[in-house]
Amino acid sequence: RNSNCDTPPPALDVDGSPAYSVRTLLDSRRRGRRMFYLVDWEGYGPEERSWVPAEDILDPSLITDFHRDHP
């Protein structure tokens, strides 16, 4: 463990479920009928990036902005 590493922020509580802040969406891919986005999480390092289904991204402007910037 890297001793100078900041502790990641705790999960937010959204309607009783844990939620994390998104720094940015990096990529998208389709799996069957579902769209997934590669999420760079606020307060976490690159090794924590993960593919998240579109329906789990709570702020629709993130998806709108991603597709505007990556047509």
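The values are calculated or read from the model by the stated rules, or taken from the named source; none is laboratory data. Just so you know, these numbers come straight off a predicted model, no measurement behind them. Note that we place each Cβ from the backbone using ideal geometry, even for glycine, and neighbour counts take in every protein chain shown. Protein only, heavy atoms only, side chains kept; ligands, DNA and RNA dropped before computing areas. Shrake-Rupley method; radii C 1.70, N 1.55, O 1.52, S 1.80 Å.
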Review point. Of all accessible surface on the chain at a 1.4 Å probe, what whole percent is carbon and sulfur?
Key: 49
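Pick out, in residue order, every one of the trypsin sites (Lys or Arg not before Pro) in segment 23-64 that is DSSP loop and has at most 16 other C-beta atoms within 10 Å; say none if there are none. Present the calculation step by step, with values, prior to reporting the outcome.
Details: sites: R23, R29, R30, R31, R33, R34, R49; in loops: R33, R49.
Here the sparse-neighbourhood loop sites are R33, R49.
If each DSSP helix of 4+ residues adds -39,500 (n - 2.57) and the sum is divided by the residues in the chain, what number results at 222 nm, nearest 500 deg cm²/dmol?
The helix contribution divided over the chain gives -4000 deg cm²/dmol.
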Point to revise | Degrees, to the nearest 10: 60-69 long Cα axis against longest axis of the chain | key: 70
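Ignoring ligands, DNA and RNA, what accessible area per residue does the chain give at 1.4 Å, in Å²?
Per-residue value: 77 Å².
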Study note, to complete from the structure: Residues whose built amide H sits under 5 Å from the amide H of G43, excluding neighbours closer than 5 in sequence, are none
